[in-house]
Each structure stands twice: as structure tokens, then as C-alpha cells.
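The next block holds one structure in the form of C-alpha cells; read it before the comments.
The values are calculated or read from the model by the stated rules, or taken from the named source; none is laboratory data. A quick note: this is a predicted structure, and the numbers were derived from the prediction, not measured. No Cβ is skipped: glycine too gets one built from the backbone with ideal geometry, and neighbour counts run over all protein chains shown.
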Amino acid sequence: MLKIVLLVLVVVVIIFMVPRLFSGSRAAAPAAGSTAPDFTLRSQEGNSVSLKDYRGKWVVLYFYPKDQTPGCTREAHNFQADQSKYNQRQAAILGVSVDSVDSHKKFCTKEGLNFKLLADTDGNVSREYGSLTNLGVAKFAARHTFLIDPDGKVARAYTSVDPGRHSEEVLAALDQLQKR
């Protein structure tokens, strides 16, 4: 009888506790039309970068899980390859993950990236953008992108991203939005 009670107790604990430990723990992502939450983070160069510094330009704010992983590397390479197209559209690319400044510096050097990667080591900015994933003790940014207009408003929010074709998708959205 004691074994059955203990088994039931373990099952109840698992049912109620495990989902909390492995939940996405995400706040709601800012919706299109809302003001993009401002932030200041350090880049791979160690400099402070604030979203407000980019007022008057379009911003591609993309969150990604981890430096030097296959999907994140592919996505970064595509943004890098399309850098001149973004420049023509007056758009800056800012990548954000919970990795350190040093990790970003190594990633940029190894992969030849020249746009800003921002270190959100405490996860606060990722959380504000509904992009923080919490798997127990491991935290990382979900693959989300926010296209922010020159007035600081979210023009598009992407919460389902294919890293292989995402840069093309964002460029097409920029073209459509800038025609208005």
C-alpha cells in the first residue's frame, strides 16, 4: 500500500512540476503596431548599443539560440550575404542571444560577420520580446525576428523562422512596407 501511495505522489509531482521546469516561460511577443521595447546591450566589440540609436532607420532585430550552431550560423551567413541589400533599404541588422560578448566576438571572427551581435546574458531583453526559452537551468533565445520601423514601432513579428530563407523573407517584407 505504501508503494502505491508513493507512486501516486511521484506521478502527481511529475504532472505538476515538470511542465513548469520545461516551459517556454515566454512573455507575449510585441505585436505589430506596438512600440518596440527599448534596450541597451553590449555588442561583440564590447560597446553599448541601444535600440533608440537606430531611430530613423529600419531595424531587423533577430533573436537566435546559440553562437556557432548550424541553424544560427546559416541564418547569420544569410544576413551577412544580404548586408548590402539591407543597407540599400536603410535597415540595420541586430542579432541577439544570451551568449557572452566574448562568444559573439569569436563567432563574428570565425564566420566573417560584420553586423552587430548583442549579448543578452541575463535574458531580460529576450524575455521582453517574448523570445526567452527556459529549459530548467538552460536558457536561450528562441528564433524570433522583429522588423522595427524608423519610428520605433514593430512592423512585423516572426515567431516561426526558417533560418535558410529568413533573410529573403525579411527583405521582401521591407520592400512591401517601404512601398507604403
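Checking each residue in the stretch 107-129 for being under 12 Å from Ala141 (Cβ atoms) and not charged (D, E, K, R) picks out Leu117, Leu118, Ala119, Thr121, Gly123, Asn124, Val125, Ser126, Tyr129. Of the conditions (1) under 12 Å from the mean Cα position of the chain (by Cα); (2) modelled with pLDDT of 95 or more; (3) among the polar types (S, T, N, Q), Gln88 fails just one. Which one is it? Failing condition for Gln88: (1).
When the residues of the stretch 137-160 are filtered to those that are over 25 Å from Lys52 (Cβ atoms) and in a strand (DSSP E or B), the one that is farthest from the chain's Cα centre (by Cα) is Ala138. Checking the stated criteria, Leu113 turns out to be buried (at least 19 other Cβ atoms within 10 Å of the Cβ), touching a Gly at 6+ places or on another chain (Cβ under 9 Å), in contact (Cβ under 8 Å) with a residue 24 or more places away in the chain and more than 18 Å from Ala173 (Cβ to Cβ). Restricted to the stretch 116-136, and to residues there that are part of a helix (DSSP H, G or I) and not β-branched (Val, Ile, Thr), the residue that is surrounded by the fewest Cβ atoms within 10 Å (Cβ to Cβ) is Asn124. Filtered by the rule that a residue be farther than 15 Å from His104 by Cα and either in contact with a strand residue (DSSP E or B) (Cβ under 6 Å, 6 or more places away or on another chain) or free of Cβ contacts under 8 Å to residues at least 40 places away in the same chain (or both), the stretch 39-69 gives Thr40, Ser50, Asp53, Tyr54, Lys57, Trp58, Val59, Val60, Leu61. Is the stretch 127-136 home to any residue that is in contact (Cβ under 8 Å) with a residue 24 or more places away in the chain, under 16 Å from Leu41 (Cα atoms) and of a type in the set (D, E, K, R)? Yes: one or more hits. Here Pro163 passes the criteria (1) out of contact with any Leu (no Cβ under 7 Å at 6 or more places or on another chain); (2) assigned to a strand (DSSP E or B) except the one numbered (2). Could you look through the stretch 48-76, keep only residues that are of a type in the set (S, T, N, Q) and at pLDDT 95 or above, and pick out the one that is nearest to Ser100 (Cα to Cα)? Among those that are of a type in the set (S, T, N, Q) and at pLDDT 95 or above, it is Ser48.
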